[in-house]
Amino acid sequence: MRARASILEDLTPSQREAVTILEGPVLVLAGAGSGKTRVITYRTAYLMDNGVEGHRILCLTFTNKAAGEMRDRVISLLGLGASRGVGVPFMSTFHSFCLWALRRFADRLGYSLDFAVIDETDQIGVVKEVLKELDLDPKRFSPKALLSVISSVKMSGNPDVLKQSPMADVLMQIYKRYIEYTRKYNLMDFDDLLLNTLRLLEEDKVARSFLQNRFSHVMVDEYQDTNRVQYMLIKRLVEPHENIFVVGDDDQSIYSWRGADIRNILDFEQDFPSAKVIKLEENFRSTSVILDAAWHVVKNNTLRKEKRLRAVRKGGEKVRLYVAKDERDEARFVVSEIKRLGRPYNHYAVFYRTNAQSRPFEEELVAAGIPYVVVGGLRFYERKEIKDILAYLRLIRNPDDAVSFKRIVNVPSRGIGARTVEKIFNLIDELKVPLWQGLKLIVGKGLLPSGPRLRLSKFISLVEELRGMMDLMPLSEFVSAVIERTGYMAMLEAEGTHEAQGRMENLQELINVASEYDDEEDALSLFLDRSTLTTDIDETKEEDAVTLMTLHSAKGLEFPVVFMVGMEDGLLPHYRNTESPFYLEEERRLCYVGMTRAKELLYLTRAEERKYYGVTKKFRPSPFLDEIPRDLIEDLSKRETLETPDGPSSEDAPFSKGDLVIHPRFGKGLVIGVSKGASFLKVKVRFYKYGVKVMAHTSLKKVG
C-alpha cells in the first residue's frame, strides 16, 4: 500500500484540504477541469489508509464508465491489484446501487427478488398494452409522451399533479393501469429503482438499518445532476453519521429537463449546517483565454455560487468566431478548418444544441472523406437483435416476465400471432395466476385450438429446456446456445442479406460481452442488469474520427479543438427556453459547459440564415456572444475558406456499379451504387471488413 504522504503529494492545496477531511458533511465546488474525480478517488484511498474499511465506502455517480474508472484508480492507488473483494469500495451509478439494494430487499415491498428491470423501449410496450386495454388510440396518446407524464408523477410522488391537465381522468387511468401492470408482472423501470429504494429507507426498519450501517461514508459525484428523489435517498442514507461528501459544480447544472434539481447543490449548506465548503478553482484543461471567455458568459447567472476558474495553462489563442451565410457555409467552414489545422481527427469535436443540426456537417465530412462518429446514435443494446436475445434471457431467468414473452414468443415466427397472444393474456386474466403457470394451464386444459396450443406447447418446452441448461455452462456458451436453439441464428442466415450479416456480427459481440461474466456467480442476472443500465457514454469507443454531439452529451468530455455551432438566438438559447429566467440561465450554463470542453482552440460559429422547418429564416446572434469581451475574440468571417471538392456534375461518373475501389481507412470494397449529391457523387460501397458505407467519390480510388 502506498504511504499516506505519497498519496497527498499528487494534490493541489485545495484538493488536499478536501481529501483529508475524514468526517462530517463536505461540499466541494469543483469547476470544470479542476480534478473532481481525482478528489473522490484520492479521498477514498485516504479514508482506507486511515482505517475505514473499503466495503463501507459508497461512491455514487451517473455512468458505469465513470464508476469503473474511479474504482480502477483507487485499486491502483492502494496497490490492490485486481482485487474485487470486500476491501474494494462500492462505486456505482445510482441505479446500480439501488438495484443492488433491491435484489436483497424487494420482497419486503411485495416484489420477488428476481424482478425484471425494463428500459424505455419495454416501457413503451407496456404503455401500448395499457392503451389497448383502455381502448385508446396510440396516435392520439403518444406512448413516449405518456411515459414522460408517468415519470413526472412518480418522481413528484403526487398523482394530483395530473389534475392540472384537461385530460386528467384519462391520464389518471393510464397511470394507474401502468402501475398495476408493472406490479402484476414483477417489473421495475428506472424510476422504480430509485423510488423503491427510497421506500425501503423510509418505511422498512430492517432494510434501513442494513443500508445505513453498511456504509459509514457516502460520496456523490456530479451532485448538481441529482434529482429530488436521489437527494432524499442520499439524505436518508447518511442520517446516522452525516458523513456525506459531495462534489459538483452549479455552473454545470444542465439537466433540469430530466429531473436534475440545482437546489440540491445550492442548498447543501442549509441541509447540513455544519458543512465545510471547499472550492476547486484551478483548471488543468483549458487555456486562460478560453476560461476567461466562458466566465464572462456564466457570471451573468444569478443562481450560482461565486467562483472563478484559474488556468494552469496560461495564455492561449483567442476564441475564433465565424459568421456564415447559411448552414451549408457554416459546415464547409468547419470542415475547411479541420483540414487546415491537420491534427488527428479525434482531436476535433462539433457541438450543437439539437440533433437535427448535424446533417450538413455529416454531408460535408463525407464529401471531404473525413471519418466521423455521431454520439447518441442507436445504442448497441437498443438494436433489435440484441433486445430480442436479451428478452429470451430475461424470460429464461424470470418466466413470468410478460414484456419479454410478448416480444419473442413469435420471433422467429412460430405461428403464434398477435390475436393468439391477446387470447392467451385474456385467459391468464381469467385464471388469475402468474404468466408461466397460466401458459401451462392453457395447454394442459386445452383452452386454445389445437394448432396454436401445439405451437405454444413447443415454445414452453423450448424455454424450459434452456432453463435446464442455464447453470450447466459458462454464460457465453449459454448465450450462444440460446441464439442457436431458438432458431434466431438460422433465421438470419436464411435471410442472407448484408444487413442480416451485420446483425449476426452484433450477436457475436453479445456473446463476447457475456464472456466477461463467465467466472461470476449468478452471471446471467449480473449480465442482464448491466445490459439494462448501460448508457450511451458507456458505449462510446475512441477512434480516429471527428466527434459530432449535442451540448448535453458533451458534459464530462474534453477535446483539443471544439467547434460550437449554431450560436444563434433561438438555437442557443433554444427558443423554448427564452421566456423563463430559470431556463434561460440553464441555457447559459449549457453554453459554458460547451466552451469549457475545449483544451486549446475554441471556435464559435453562427449562420445569418438557415432552413427552419423547410423555410429559410434569418437568425440574430446568440446573446451569449455579446457577453464575451471583444478583445478575447478573433473574427474569421472575412477569411477565404477552403471549399469541399465539387463533384463532376457535367462529366461522366468516375465509378460505376461493380468497380473495385480502395479507401484509405476502410480498405478494399465493391461499388454497389452511385448517386448524385449536392456537390459530389455519392458512392455506395460494400467494404470487405466494414460493410456497406456511402461516401464521396473524392475519397475513393479505383483498383486495377
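How many residues, within region 379-403, are assigned to a helix (DSSP H, G or I) and over 16 Å from VAL130 (Cα atoms)?
Qualifying residue count for the region: 17.
Checking the condition touching a residue at least 24 places away in the same chain (Cβ under 8 Å), part of a loop (DSSP other than H, G, I, E, B) and either within 30 Å of ARG183 (Cα to Cα) or not basic (Lys, Arg) (or both), which residue from LEU448, LEU462, LEU466, LEU456 passes?
Details: LEU462 fails: part of a loop (DSSP other than H, G, I, E, B); LEU466 fails: part of a loop (DSSP other than H, G, I, E, B); LEU456 fails: part of a loop (DSSP other than H, G, I, E, B).
Being touching a residue at least 24 places away in the same chain (Cβ under 8 Å), part of a loop (DSSP other than H, G, I, E, B) and either within 30 Å of ARG183 (Cα to Cα) or not basic (Lys, Arg) (or both) holds for just one of LEU448, LEU462, LEU466, LEU456, which is LEU448.
Restricting to region 408-445, count the residues that are within 20 Å of ALA391 (Cβ to Cβ), not in a helix (DSSP H, G or I) and not hydroxyl-bearing (Ser, Thr, Tyr).
9
Regarding region 171-179, can at least one residue be identified that is among the β-branched types (Val, Ile, Thr), closer than 23 Å to ASP388 by Cα and at pLDDT 90 or above?
no
Based on this model, can you work out whether LYS445 counts as open to solvent by 20 Å² or more (accessible area, probe 1.4 Å) and within 22 Å of GLY487 (Cα to Cα)?
Details: open to solvent by 20 Å² or more (accessible area, probe 1.4 Å): yes; within 22 Å of GLY487 (Cα to Cα): no.
The answer is no for LYS445.
Does any residue of region 621-637 turn out to be at pLDDT below 80 and either of a type in the set (A, V, I, L, M) or open to solvent by 60 Å² or more (accessible area, probe 1.4 Å) (or both)?
no
Among (1) in contact with a helix residue (DSSP H, G or I) (Cβ under 7 Å, 6 or more places away or on another chain); (2) touching a residue at least 24 places away in the same chain (Cβ under 8 Å), which single condition is GLY487 missing?
Condition (1) is where GLY487 drops out.
Those residues that are assigned to a helix (DSSP H, G or I) and either of a type in the set (Asp, Glu) or open to solvent by less than 30 Å² (accessible area, probe 1.4 Å) (or both), I need them from region 575-604; list them, please. Talk me through it step by step, then tell me what you get.
So the first thing to find is which residues in region 575-604 are assigned to a helix (DSSP H, G or I), and the list is 575-577, 581-595.
If the condition is that a residue be assigned to a helix (DSSP H, G or I) and either of a type in the set (Asp, Glu) or open to solvent by less than 30 Å² (accessible area, probe 1.4 Å) (or both), then GLU585, GLU586, GLU587, ARG588, ARG589, LEU590, CYS591, TYR592, VAL593, GLY594, MET595 are the ones that fit.
Would region 688-698 turn up any residue that is part of a loop (DSSP other than H, G, I, E, B), surrounded by fewer than 15 Cβ atoms within 10 Å (Cβ to Cβ), modelled with pLDDT under 80 and among the aromatic types (Phe, Trp, Tyr)?
Looking for residues that are part of a loop (DSSP other than H, G, I, E, B), surrounded by fewer than 15 Cβ atoms within 10 Å (Cβ to Cβ), modelled with pLDDT under 80 and among the aromatic types (Phe, Trp, Tyr), one finds at least one in region 688-698, hence yes.
Across region 267-294, what is the total count of residues that are part of a helix (DSSP H, G or I), open to solvent by 20 Å² or more (accessible area, probe 1.4 Å) and more than 22 Å from MET567 (Cβ to Cβ)?
Residues flagged as part of a helix (DSSP H, G or I), open to solvent by 20 Å² or more (accessible area, probe 1.4 Å) and more than 22 Å from MET567 (Cβ to Cβ) within region 267-294 amount to 3.
Please enumerate the residues belonging to region 500-510 that are in contact with a Leu (Cβ under 9 Å, 6 or more places away or on another chain) and either open to solvent by 30 Å² or more (accessible area, probe 1.4 Å) or not in a helix (DSSP H, G or I) (or both).
Scanning region 500-510 gives GLN501, ARG503, MET504.
Name the one entry in MET188, MET155 that is of a type outside the set (S, T, N, Q), under 22 Å from LEU99 (Cβ atoms), open to solvent by less than 40 Å² (accessible area, probe 1.4 Å) and in contact with a strand residue (DSSP E or B) (Cβ under 7 Å, 6 or more places away or on another chain).
MET188
Could we say that SER476 is crowded, with 16+ Cβ neighbours inside 10 Å, more than 19 Å from PHE405 (Cβ to Cβ) and either within 41 Å of the chain's Cα centre (by Cα) or among the hydrophobic types (A, V, I, L, M, F, W, C) (or both) here?
Taking the combined requirement at face value, the residue satisfies it.
So, LEU492, is that one buried (at least 16 other Cβ atoms within 10 Å of the Cβ), at pLDDT below 90 and part of a helix (DSSP H, G or I) or not?
yes
Somewhere in region 365-381, is a residue touching a residue at least 24 places away in the same chain (Cβ under 8 Å), within 30 Å of the chain's Cα centre (by Cα) and on the phi > 0 side of the Ramachandran plot?
Yes, region 365-381 contains a residue that is touching a residue at least 24 places away in the same chain (Cβ under 8 Å), within 30 Å of the chain's Cα centre (by Cα) and on the phi > 0 side of the Ramachandran plot.
Within the set of pairs 6+ apart or on separate chains, which have a first residue in region 555-568 that is over 12 Å from GLU337 (Cβ atoms), a second that is acidic (Asp, Glu) and outside any loop (DSSP other than H, G, I, E, B), and C-beta atoms under 8 Å apart?
Listed by first residue and then by second, the contacts come to PRO560/GLU600; GLY566/GLU330.
What residue, of GLY33, GLY24, is on the phi > 0 side of the Ramachandran plot and buried (at least 21 other Cβ atoms within 10 Å of the Cβ)? Explain how you work it out, then say what you get.
Numbers: GLY24 fails: buried (at least 21 other Cβ atoms within 10 Å of the Cβ).
Selected residue: GLY33, the only one of GLY33, GLY24 that is on the phi > 0 side of the Ramachandran plot and buried (at least 21 other Cβ atoms within 10 Å of the Cβ).
Can you name every residue in region 223-242 that is in a helix (DSSP H, G or I) and closer than 24 Å to ASN158 by Cβ?
ASP225, ARG228, VAL229, GLN230, TYR231, MET232, LEU233, ILE234, LYS235, ARG236, LEU237
Check every one of the strands (runs of 3 or more DSSP E) wholly within region 295-358 and list those with 3 or more residues that are open to solvent by less than 70 Å² (accessible area, probe 1.4 Å) and modelled with pLDDT of 90 or more.
Per the criteria, 319-324, 348-352.
In this structure, is PHE245 crowded, with 20+ Cβ neighbours inside 10 Å, more than 22 Å from the chain's Cα centre (by Cα) and either on the phi > 0 side of the Ramachandran plot or not in a helix (DSSP H, G or I) (or both)?
Yes, satisfied.
Which one is modelled with the lowest pLDDT among residues in region 648-666 that are within 38 Å of the chain's Cα centre (by Cα) and surrounded by 12 or more Cβ atoms within 10 Å (Cβ to Cβ)?
Here the residue is ARG665.
If I filter region 133-146 for residues that are under 29 Å from ILE396 (Cβ atoms) and in contact (Cβ under 8 Å) with a residue 40 or more places away in the chain, do I get at least one hit?
Yes: one or more hits.
Assess whether LEU670 counts as being modelled with pLDDT of 80 or more, surrounded by 12 or more Cβ atoms within 10 Å (Cβ to Cβ) and over 35 Å from the mean Cα position of the chain (by Cα).
Considered against the rule, which asks whether it is modelled with pLDDT of 80 or more, surrounded by 12 or more Cβ atoms within 10 Å (Cβ to Cβ) and over 35 Å from the mean Cα position of the chain (by Cα), LEU670 comes out as yes.
Which residues, taken from region 411-435, are on the phi < 0 side of the Ramachandran plot and of a type in the set (D, E, K, R)?
Correct list: ARG414, ARG419, GLU422, LYS423, ASP429, GLU430.
Rundown of residues vs (1) more than 30 Å from THR532 (Cα to Cα); (2) at pLDDT below 90; (3) among the polar types (S, T, N, Q); (4) out of contact with any helix residue (DSSP H, G or I) (no Cβ under 6 Å at 6 or more places or on another chain), yes/no style:
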| site | (1), (2), (3), (4) |
| --- | --- |
| ASP10 | yes, yes, no, yes |
| GLN15 | yes, no, yes, no |
| ILE21 | yes, no, no, yes |
| ARG38 | no, yes, no, yes |
| ALA66 | no, yes, no, yes |
| GLU69 | no, yes, no, yes |
| ASP72 | no, yes, no, yes |
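The values are calculated or read from the model by the stated rules, or taken from the named source; none is laboratory data. All values derive from a computational prediction rather than experimental measurement. No Cβ is skipped: glycine too gets one built from the backbone with ideal geometry, and neighbour counts run over all protein chains shown. Accessible surface is based on the protein model in full, side chains and every heavy atom, while ligands, DNA and RNA are left aside. Shrake-Rupley method; radii C 1.70, N 1.55, O 1.52, S 1.80 Å.
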